[in-house]
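Okay, structure first, notes after.
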Amino acid sequence: MKRIILFLMLSLLLSLNSCGLGDKSYPEEVFEKVKLNSNKIPDGFRKHFTEIRAHLKAGNLVIVTPQNEVKKVNATEYVANHYVHLFDDDIIAVQELKPDKETKDILAAALDMFRYADDIYKTDFPRIAKMIDDKKPDQEIDAAIDELDRTKGPILDKKYDKVHYMILPYADKHGVKYKILETPAPLNDQ
């Protein structure tokens with residue numbers, strides 16, 4: 001299932017802030033830390049590596065250092081900077097939420113999803129980035145990406161869908177305002 005879903009709470013946040021009520025309710029906080037942060041979970045991993053390889057080939061794969069300097073890097077350094085810690089804050093944020101009767105299963109499913117994604121980004125991404133840096137044949141790199149998409153992608157999709165189908169009814173029940181924007185399916189990037 002190809003999906004790119006964007007959830008927005010902008011109108012709600014603007015109206016709360018304009019009324020001087022900037023504090024989020026517990027349901028809004030749960031929705032934000034679970035659903036909005038889950039938007040970082042990709043619909044397939046190939047796009048990441050296609051972009052990394054293209055930028056590397058063009059000589060413009062860069063990161064911005066803590067000193068705000070632009071530094072050319074290899075694929076391994078790029079992955080370590082952009083992907084390895086992508087879900088660390090999300091895991092902590094969900095762990096810090098105090099579960100209640102309604103959110104216990106939602107938060108457990110969200111932690112499972114974020115931890116699974118985190119493992120992929122901390123183990124599989126560096127492994128494939130190293131293959132790129134070691135100048136392994138394109139067919140070998142593509143096979144590793146395809147295997148990742150074929151084996152772990154569907155598991156991550158199921159975990160994402162489980163959270164998605166739990167959090168939306170919860171948000172609706174508690175009046176959390178959000179908007180779903182469906183974007184067109186991407187063109188085949190292979």
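The values are calculated or read from the model by the stated rules, or taken from the named source; none is laboratory data. All of these numbers come straight from a predicted model, not from anything done at the bench. We place every Cβ from the backbone using ideal geometry, glycine too, and count neighbours over all the protein chains shown. SASA here: full protein model, heavy atoms, side chains in, ligands and nucleic acids out. Shrake-Rupley method; radii C 1.70, N 1.55, O 1.52, S 1.80 Å.
So for segment 134-145 (the condition being more than 15 Å from Leu86 (Cβ to Cβ), more than 15 Å from the chain's Cα centre (by Cα) and among the β-branched types (Val, Ile, Thr)), does at least one residue qualify? Yes, segment 134-145 has at least one match. Name the pairs: first residue in segment 34-51 and acidic (Asp, Glu), second residue surrounded by fewer than 19 Cβ atoms within 10 Å (Cβ to Cβ), Cβ to Cβ under 6 Å, at least 6 apart or on different chains? Close Cβ pairs (under 6 Å, with a partner that is surrounded by fewer than 19 Cβ atoms within 10 Å (Cβ to Cβ)) amount to Asp43/Lys2; Asp43/Arg3. Determine whether segment 161-178 contains at least one residue that is at pLDDT 95 or above, open to solvent by 60 Å² or more (accessible area, probe 1.4 Å) and under 20 Å from the mean Cα position of the chain (by Cα). Yes, there is a match, as at least one residue in segment 161-178 is at pLDDT 95 or above, open to solvent by 60 Å² or more (accessible area, probe 1.4 Å) and under 20 Å from the mean Cα position of the chain (by Cα). On the basis of being assigned to a helix (DSSP H, G or I) and either open to solvent by less than 20 Å² (accessible area, probe 1.4 Å) or touching a Lys or Arg at 6+ places or on another chain (Cβ under 7 Å) (or both), does Ala129 make the cut? It is true that Ala129 is assigned to a helix (DSSP H, G or I) and either open to solvent by less than 20 Å² (accessible area, probe 1.4 Å) or touching a Lys or Arg at 6+ places or on another chain (Cβ under 7 Å) (or both).
Would you call Ile106 of a type in the set (Val, Ile, Thr), over 17 Å from Asn39 (Cα atoms), open to solvent by less than 70 Å² (accessible area, probe 1.4 Å) and assigned to a helix (DSSP H, G or I)? Here the answer is no, as Ile106 does not meet what is asked. Of the residues making up segment 30-51, none is more than 21 Å from Glu140 (Cβ to Cβ), assigned to a loop (DSSP other than H, G, I, E, B) and more than 15 Å from the chain's Cα centre (by Cα). It is to be established whether one or more residues within segment 82-99 are open to solvent by 70 Å² or more (accessible area, probe 1.4 Å), more than 13 Å from the chain's Cα centre (by Cα), of a type in the set (A, V, I, L, M, F, W, C) and modelled with pLDDT of 95 or more. Yes; the residues of segment 82-99 include at least one that is open to solvent by 70 Å² or more (accessible area, probe 1.4 Å), more than 13 Å from the chain's Cα centre (by Cα), of a type in the set (A, V, I, L, M, F, W, C) and modelled with pLDDT of 95 or more.
If you go through segment 36-45 and keep only what is open to solvent by less than 30 Å² (accessible area, probe 1.4 Å) and not hydrophobic (A, V, I, L, M, F, W, C), you end up with Ser38, Pro42, Gly44. Close contacts from segment 55-80, counting a first residue that is under 22 Å from Asp118 (Cβ atoms) and a second that is in a loop (DSSP other than H, G, I, E, B) and open to solvent by less than 80 Å² (accessible area, probe 1.4 Å), with Cβ to Cβ under 6 Å and a gap of 6+ residues or different chains, come to Ile63/Val73; Val73/Leu61; Tyr78/Leu61. Listed conditions (1) farther than 18 Å from His164 by Cα; (2) over 17 Å from the mean Cα position of the chain (by Cα) are all met by Ile120, apart from (2).
Within segment 139-170, the set of residues being touching a residue at least 40 places away in the same chain (Cβ under 8 Å), among the aliphatic types (A, V, I, L, M) and out of contact with any Lys or Arg (no Cβ under 7 Å at 6 or more places or on another chain) comprises Ile141, Leu148, Leu156, Val163, Met166, Leu168.
Of the numbered criteria (1) under 22 Å from Pro169 (Cα atoms); (2) not hydroxyl-bearing (Ser, Thr, Tyr); (3) not in a helix (DSSP H, G or I), the one Phe114 fails is (3).
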